[in-house]
1. At 222 nm, what value in deg cm²/dmol follows for the chain if DSSP H runs of at least 4 each add -39500 (n - 2.57) and the sum is divided by all its residues, to the nearest 500?
2. Could you tell me which label, among (i) 11.3; (ii) 12.4; (iii) 12.1, carries the value of Kirkwood radius over Cα pairs in Å calculated for this structure?
3. If neighbour count is taken as other Cβ atoms inside 10 Å, put 21, 37 in order from fewest to most.
4. Round to the nearest 10 and give me the degree value, 0 to 90, for the angle of helix 2-11's Cα axis relative to the longest principal axis of the chain.
């Protein structure tokens, strides 16, 4: 998926990869590892909502 997001970003918009990166980080560190506090999640929310 990372590779696909990178390729899509080169075609559509570079922001696509940044959004993917924030979303993946939140999934791994926030959900699976439970290492993020509320402030860290809220800081990434605009990228994910977009």
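The numbers here are math on the coordinates, done by the rules we state, and not lab data. This structure is a prediction, so every number in the text was calculated from the model and none was measured. Heads up, the Cβs are rebuilt from the backbone with ideal geometry, glycines too, and the neighbour counts pull from every protein chain shown.
1. Numbers: 3 runs with 33 residues, N = 50.
So the calculated ellipticity at 222 nm is -20000 deg cm²/dmol.
2. Computing Kirkwood radius over Cα pairs in Å and matching it to (i) 11.3; (ii) 12.4; (iii) 12.1 gives (i).
3. Details: 21 16, 37 9.
Fewest-to-most ranking of 21, 37: 37, 21.
4. Tilt of helix 2-11: around 50 degrees.
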